[in-house]
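I have placed the structure first, in the form of structure tokens, so that the comments after it can refer back to it.
The values are calculated or read from the model by the stated rules, or taken from the named source; none is laboratory data. From a predicted model like this one, the values you see are computed outputs, not experimental measurements. Here the Cβ positions follow ideal geometry from the backbone for every residue, glycine too, while neighbour counts run over all protein chains shown. Ligands, DNA and RNA are excluded from the accessible area calculation, which covers all protein heavy atoms including side chains. Shrake-Rupley method; radii C 1.70, N 1.55, O 1.52, S 1.80 Å.
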Amino acid sequence: MIIYLRASFHKQLMKKTLLFIFLLTVSIMASAQLTPFELSKSKNVTATYPQVISYYKDLDLKYDQMKMFTYGLTDIGKPLHLVVLSKNKVFDPVQIRQQNKRILLINNGIHPGEPEGIDASMMLVRDLLKKNTIPDDVVICILPLYNIDGSLNRGFSRANQNGPESHGFRGNSKNLDLNRDFIKTDSKNSYSFQEIFNIWQPEVFLDNHTSNGADYQYVMTFIETQRDKLNPILSNFMTKIIEPALYDAMKKKGYEMTPYVDHIGETPDSGLTAFLEIPRFATGYAALHNTIGFIGETHMLKSFDKRVYATYQLMNNLIEITQKNSAQLGSVKKLADEQVKNQKEFALNWEMDDTKFETILFKGYEGKHKASEVSSLSRLYYDRNKPFEKKVKLYNTFKPTVTVEKPIAYIVPQAWQKVIDLLKLNQVEMERLSADTLMEVDMYYIGDYKTSPRPYEGHYIHSAVKVKSQKQQVKFYEGDFLIYTNQNQNRYIVETLEPQAVDSFFAWNFFDSVLGQKEYFSAYVFEDEAAELLKNKPEMKQKLEAAKLKNPDLAKSASAQLNWIYVNSDLYEKTHLRYPVGRLIKN
Ligand SMILES: [Zn+2]
């Protein structure tokens, strides 16, 4: 009995001691606000979506220089969060702009398998709050986790990546790559992102990723929005001021960077090409709004902790550099917005100029070959015992392949609801016609175009679009939308509404119904009518004869000739292949 009592007493004491130790640990953790990454022994762990949100909720309660907002939904039904850090506790973007402060937007987890930014941002936000080091003139906005859907679909799906041990999946719940969805906006995530972007109107944007590809010495590689595609005033400021400062600061912190490693030949020493991020990508979309965009791409083969710390440094340095240049950044942004309002010509697509390159110093590993254990055939490997420093060519000049002169205004019939919704979301100013109106406008006819044979991101995307412009009197209706091209949003307007643009709404199938013919003819009935037409219109007959001489197939085919007459008659529908957005050339 006594023995039993003693044992029970010891057990209880032990339990109490354990409970005490547990509570002490919890309270230390809570006061330090350590992240799941920091708390893990392996440092090979990324926070889950619930951990991320509850972590920021705790910080929000504790500090009044931070607020977490929600904006709209994502495809999985959960709201998109935005964390905002503001030194003077002003959280209204309009007021922030009035106070002449800059806004820096950081996006994390667009590809949840590349989650360094998620964990690094949690640490950085806490540190800025705890050390009271939020900059005076920069309000920092962070999307803690953009692709919530993909992040909840956890496992290990990045075959070649060195951790973390479990992470989210690239596709969202509609299996979309959200970093291709900024124009077509098939996901609610993208819709909510664009709402945030246009409300906050950041001057600088950073998107955090992890690269794949070659092996080399750097932990961090870097993409700046392609400089020839960005407004020249901003481009100049980005390449001359921000970028050199950032490369320099990263080197000083022990994370020397290199431009993103997209190599021409088998290994990087063959030369690198810059990444052309067209508007479907986050930074390409940002460029349409005159926002300087950057992408951090950590190297997949480095350990996860190194990648997280490098991302932390990238963000921290970008914040400091934005603060240091905040006044100048504000004025170049204003100048750029003013310039784009008056800009007449717009580039719609780009290609690399392979005659122009610069030379950079690149720290790589020697690429070698040996026999594969799988196939016995020759395979590539990088010899980490053979690091090198070599001069490597970097091709980073792009030239426009299609340009267009903007009209005075576009007229979008109200039938095209999604187009109108997206223009509104992007804060494009629109007037509505107050009455049914016959207008003289230039209308495009879609000529040749290519269509992807298999779906790409849920679309049979069009490319190499050719158009023919025709002056016409077109009836538009009360409530249709008139969009003048004297706006800050000019690039968004022109590069989505011009069908030849690489990421136009037309390219993304928004207008595919105009590609179908609605009426036709029965040959045996039309024969007599066609003969009558040729009799009454000798000039049409002459044209047909000329066409037959040029085209032997036409000369040989009765049905082709009937079709020729039909298409060249008033019977043929004017709207077939006619792009429905009018271009107002004269007021
Ligand atoms: Zn990525």
Subject >> Scan of region 498-523 for residues that are of a type in the set (Asp, Glu) and surrounded by fewer than 16 Cβ atoms within 10 Å (Cβ to Cβ), ordered by number >> reply: ASP512, GLU519
**OP:** Please work out if MET68 is closer than 26 Å to LEU152 by Cβ and modelled with pLDDT of 55 or more.
**Re:** yes
Original post:
Hey, does region 102-114 have a residue that's modelled with pLDDT of 95 or more, over 15 Å from LEU178 (Cβ atoms) and not in a strand (DSSP E or B)?
Top reply: no
Original post:
When residues of region 173-193 are filtered for being surrounded by fewer than 22 Cβ atoms within 10 Å (Cβ to Cβ), assigned to a helix (DSSP H, G or I) and not basic (Lys, Arg), how many remain?
Top reply: 1
**OP:** Among the residues of region 72-87, count how many are in contact (Cβ under 8 Å) with a residue 24 or more places away in the chain and part of a loop (DSSP other than H, G, I, E, B).
**Re:** 6
**OP:** Might you let me know whether region 137-145 holds any residue that is open to solvent by less than 10 Å² (accessible area, probe 1.4 Å) and either within 16 Å of the ligand (Cβ to nearest atom) or part of a helix (DSSP H, G or I) (or both)?
**Re:** yes
Subject >> Any chance SER372 is surrounded by fewer than 18 Cβ atoms within 10 Å (Cβ to Cβ), on the phi > 0 side of the Ramachandran plot and out of contact with any Pro (no Cβ under 7 Å at 6 or more places or on another chain) >> reply: no
Subject >> Qualifying residues in region 91-100 (those that are assigned to a loop (DSSP other than H, G, I, E, B) and loosely packed, with under 15 Cβ neighbours inside 10 Å) - the one nearest to the chain's Cα centre (by Cα) >> reply: ASP92
Original post:
In this structure, does ALA245 turn out to be closer than 27 Å to ARG379 by Cβ and either assigned to a loop (DSSP other than H, G, I, E, B) or out of contact with any His (no Cβ under 7 Å at 6 or more places or on another chain) (or both)?
Top reply: no
**OP:** Select from region 89-129 the residues that are in contact with a Phe, Trp or Tyr (Cβ under 8 Å, 6 or more places away or on another chain) and not hydrophobic (A, V, I, L, M, F, W, C) and write down the one among them that is nearest to the ligand (Cβ to nearest atom).
**Re:** GLY113
Original post:
Going through region 416-468 one residue at a time, which ones are in contact with a Gly (Cβ under 7 Å, 6 or more places away or on another chain) and in a loop (DSSP other than H, G, I, E, B)?
Top reply: LEU433, LYS466
Original post:
Does at least one position in region 469-478 carry a residue that is part of a loop (DSSP other than H, G, I, E, B) and open to solvent by less than 80 Å² (accessible area, probe 1.4 Å)?
Top reply: no
**OP:** Mind counting the residues in region 200-213 that are crowded, with 20+ Cβ neighbours inside 10 Å and within 16 Å of the ligand (Cβ to nearest atom)?
**Re:** 7
**OP:** Kindly indicate the residue of region 287-304 that is out of contact with any strand residue (DSSP E or B) (no Cβ under 7 Å at 6 or more places or on another chain) and open to solvent by less than 10 Å² (accessible area, probe 1.4 Å) and also nearest to the ligand (Cβ to nearest atom) among those meeting that condition.
**Re:** PHE304
**OP:** Mind telling me which of the residues LEU61, LEU19 ends up being modelled with pLDDT under 95, of a type in the set (A, V, I, L, M) and surrounded by fewer than 12 Cβ atoms within 10 Å (Cβ to Cβ)?
**Re:** LEU19
Original post:
Do we find that ARG307 is over 18 Å from THR225 (Cα atoms), buried (at least 20 other Cβ atoms within 10 Å of the Cβ) and modelled with pLDDT of 95 or more in this structure?
Top reply: yes
Subject >> One residue from ASP228, ASP248 being open to solvent by 10 Å² or more (accessible area, probe 1.4 Å) and under 24 Å from the mean Cα position of the chain (by Cα) >> reply: ASP228
Original post:
If we scan region 564-574, do we find a residue that is in contact with a Lys or Arg (Cβ under 8 Å, 6 or more places away or on another chain) and assigned to a loop (DSSP other than H, G, I, E, B)?
Top reply: yes
Subject >> Contacts under 8 angstrom Cβ, first residue in region 198-218 being free of Cβ contacts under 8 Å to residues at least 12 places away in the same chain, partner within 16 Å of the ligand (Cβ to nearest atom) and open to solvent by 10 Å² or more (accessible area, probe 1.4 Å), 6 or more apart >> reply: none
Subject >> Single unsatisfied condition, LEU534 versus (1) in a helix (DSSP H, G or I); (2) closer than 28 Å to SER469 by Cβ; (3) among the hydrophobic types (A, V, I, L, M, F, W, C) >> reply: (2)
Subject >> Single match in GLY284, GLY271 (criterion: in contact with a Lys or Arg (Cβ under 8 Å, 6 or more places away or on another chain), closer than 18 Å to MET352 by Cα and within 16 Å of the ligand (Cβ to nearest atom)) >> reply: GLY284
Original post:
Is at least one residue of region 503-519 free of Cβ contacts under 8 Å to residues at least 40 places away in the same chain, part of a helix (DSSP H, G or I) and of a type in the set (S, T, N, Q)?
Top reply: yes
Original post:
Can you pull out the residues in region 569-587 that are over 33 Å from the mean Cα position of the chain (by Cα) and either open to solvent by less than 70 Å² (accessible area, probe 1.4 Å) or at pLDDT 95 or above (or both)?
Top reply: SER569, TYR572, GLU573
